[in-house]
Each structure stands twice: as C-alpha cells, then as structure tokens.
Amino acid sequence: MKKKKLQKVGDKSPATNPNHRAAHEAEGGASGALVGAIVGAAAGPPGVVAGAVIGGIAGALAGAAIDTDSSAADARTRELDAEIGVSGGDLGAPNLKHPPPTSGAYSASSSGVAPAEDGPAEGPIQTPHI
C-alpha cells in the first residue's frame, strides 16, 4: 500500500499571533488588577495600590500561561486534523479503493442482510413488578 503524503498545514491560529498574546496578557492583567484593588481595599488606600499591582502581575502571568497552553492545544489539533485528512485531506471521499477482506466472508447479520438469530443484544423486555 502506498503511503499517503501529508500536507504541511500553516499556523493559522490567532492565538499564536503576538498581538493576541499581548491582548490576552493585558486582559489578565486588567482583571487581576481590578480584583487585587477590590481585595486590597480592606487595608485602605495603600492596600488598593498594592493589591492592584500584585493582582495585575498575577493576572498577566495567568493570561500568558493560558494563552501558551491554548496555542499548544491548537497546534496539536491542527496536526491531528492534517494527519487524518480533516483539513485538506480525503476524509469521507466516496471514491476510495479499499482492499478486499482477507479473513473470509462477513456474517449476514453484521452486514445487515439478515436479522440476528439470538434476539436483541439488550435481552428480552422484562415485565415490571409492582
């Protein structure tokens, strides 16, 4: 059997774009600063400032980590899609030539020609006991 040549799929994910990464870090930083300021308000005005700074740093780091993880997952998904033919392949192509069976004929029941002889797989319907 001839091995199929895989197409190289370009990196089209917006998550790997540096502008999107910076936007995600900014979103995380802003939400972290807001939460930090709210929590720091319990300590007064110095707590608001300290909470906003610490929360902003923590939020930016969290945004960067989530973006990196998302980018890696997107890259793996694109790789698998290219391998099985979802993007640019022949998944579901009606004109494929399959090799003939090598182990003999299939049963009539499994091919849908004749009904199963033993009854349904879930068994007979039982009567309820009230």
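One table, with the values for the structure above:
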read-out	value
Residue in region 43-50 that is closer than 28 Å to Val86 by Cβ and at pLDDT 80 or above present	no
Which listed residue is at pLDDT below 85 and in a helix (DSSP H, G or I), from Glu79, Glu117, Glu25, Glu83	Glu83
Residue satisfying condition, being modelled with pLDDT under 65 and touching a helix residue (DSSP H, G or I) at 6+ places or on another chain (Cβ under 6 Å), within set Ser13, Ser70	Ser13
Any hit, region 57-66, residues being small (Gly, Ala, Ser), at pLDDT below 85 and surrounded by 14 or more Cβ atoms within 10 Å (Cβ to Cβ)	no
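The values are calculated or read from the model by the stated rules, or taken from the named source; none is laboratory data. Computed from a prediction, not measured in an experiment: that's the story for all the values here. No Cβ is skipped: glycine too gets one built from the backbone with ideal geometry, and neighbour counts run over all protein chains shown.
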